[in-house]
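The values are calculated or read from the model by the stated rules, or taken from the named source; none is laboratory data. Owing to the predicted nature of the structure, the values given are computational and were not obtained by experimental measurement. For neighbour counting, all protein chains shown are included, and Cβ atoms are generated from backbone atoms with ideal geometry for every residue, glycine included.
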Amino acid sequence: MKKKILDIIKKKNKSKIVSLTAYSKNIASIIDKFCDIILVGDSLGSVLYNYKSTREVTLNTMIEHSKSVRMGIKKSLMIVDMPHNTYRNSKEALKNAKFIMKKTKCDGVKLEGGKKIIQYVKTLVKNNIPVMGHIGVLPQSDKTFKFKGKKKSEKENIIRDAKLLEEAGAFSIVLECIETSLAKQVTKSINIPTIGIGASNNCDGQILVFDDLIGLNPIKVRFVKKYSNIKKEISKAVSKYSSEVKARKFPSKKYSY
Ligand code: KIV
């Protein structure tokens, strides 16, 4: 059965939320049965397009990938990242979130930030657009991927932002690259689920970039576990194809009309 926002919220303190990114129909259709949430993340900017940062990702790119992902999803909740510069004020956020929802038929959108974007989150929620928050390291605005939460002020701000997002009506919050003890504190201090990436086992769920998990993206960060080495498998298949074409073995009669 198709997951609803409430199903995700109800998982808090009961069972862990499984989440992954997807950028295309084929991948979404494989991971759908294992996931609660599939995120069309703007990480596609660095993973697929080699951009220096996610700031270069456009609304149009997010929409085209999301339309593809939508076709592969039967049961997971589908969330789409609002790209950089598409939510600089409430009016812009609402216009673009509505556009994303309409064009992609997703179940909600994700915005990065805390206090600064609270009014925009409130506006979206008031207009029945489910919002996933994202605090800790913010790839759209942070220049480096430094773990957060060591400094007292950083810690206080993250806890404050989580509470503000909950009050504004967000249904869950991604915690990216924050200290283990802070993840625990944030998760305990709010009634909506936290989804961690590089934020320890203390969150209500986990998210990873799919291409990282299968070893396709050459990223080396401590919080990514590579569950497969798909590059090897692809190389094997393509090498065989190449040899067979050169040896005139493919296509054989079986593959010809
Ligand atoms: O863009 C993305 O893929 C994300 C996840 C890593 C949380 O925001």
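Within the range 114-136, how many residues turn out to be out of contact with any Lys or Arg (no Cβ under 6 Å at 6 or more places or on another chain) and within 12 Å of the ligand (Cβ to nearest atom)? Lay out the reasoning, then the answer.
First, the residues of the range 114-136 that are out of contact with any Lys or Arg (no Cβ under 6 Å at 6 or more places or on another chain): 114-131, 133, 135.
Going one step further and asking which of them are within 12 Å of the ligand (Cβ to nearest atom), we end up with 133, 135.
Residues flagged as out of contact with any Lys or Arg (no Cβ under 6 Å at 6 or more places or on another chain) and within 12 Å of the ligand (Cβ to nearest atom) within the range 114-136 amount to 2.
Selection over the range 187-204 of residues that are more than 11 Å from the ligand (Cβ to nearest atom) and touching a residue at least 40 places away in the same chain (Cβ under 8 Å) gives a count of 4. Considering the conditions (1) surrounded by fewer than 11 Cβ atoms within 10 Å (Cβ to Cβ); (2) in contact with an Asp or Glu (Cβ under 7 Å, 6 or more places away or on another chain), A247 is excluded by exactly one of them, (2).
The strands (runs of 3 or more DSSP E) located wholly in the range 141-257 that include 3 or more residues which are modelled with pLDDT of 95 or more and hydrophobic (A, V, I, L, M, F, W, C) occupy 172-176.
Could you identify the single residue in K184, K150, K226, K163 that is within 23 Å of Y51 (Cα to Cα) and more than 14 Å from the ligand (Cβ to nearest atom)? It would help to see each step written out before you state the result.
Numbers: K184 fails: within 23 Å of Y51 (Cα to Cα); K150 fails: within 23 Å of Y51 (Cα to Cα); K163 fails: within 23 Å of Y51 (Cα to Cα).
Going through K184, K150, K226, K163 in turn, just one is within 23 Å of Y51 (Cα to Cα) and more than 14 Å from the ligand (Cβ to nearest atom): K226.
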